[in-house]
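Peer 1: One structure is given below, represented as structure tokens, and several questions about it will come after.
Bear in mind that the values in this text are calculations on the coordinates, not laboratory data. Given the structure is predicted, the values throughout are model-derived calculations rather than measurements. Methodologically, a virtual Cβ is constructed for each residue, glycine included, from the backbone with ideal geometry; neighbour enumeration extends over all protein chains shown.
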Amino acid sequence: MPEAGGDPPIIITGGSVTLQFNDTQLQGGGGRHHHPNKKIKRIEVTGGGLNINQTVNDPKGLTIKVYYGD
């Protein structure tokens, strides 16, 4: 669900490393890209006041949403 007045988020899930987005959001779209044999093992988010560096124990339960806008 998009934040008020913003674009829908880019969603990254870990069960089979899936990147999902509305194909109008990014150039070269396609809407959903994944690799069924790859699993997310660690996430790292730095900058903007964030410093997250965590090992992922259960990638099937992992969802990362990236909200952005103009």
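Peer 1: Starting from the 7 Å offset along Cα-to-Cβ, what nm value, one decimal, do you get for the label separation of residue 23 and residue 56?
Peer 2: About 2.5 nm, to one decimal.
Peer 1: Taking the Cβ of residue 20 as the centre, find all other residues whose Cβ is under 12 Å away and add up their charges (Lys, Arg: +1; Asp, Glu: -1).
Peer 2: With Lys, Arg at +1 and Asp, Glu at -1, the neighbours total +1.
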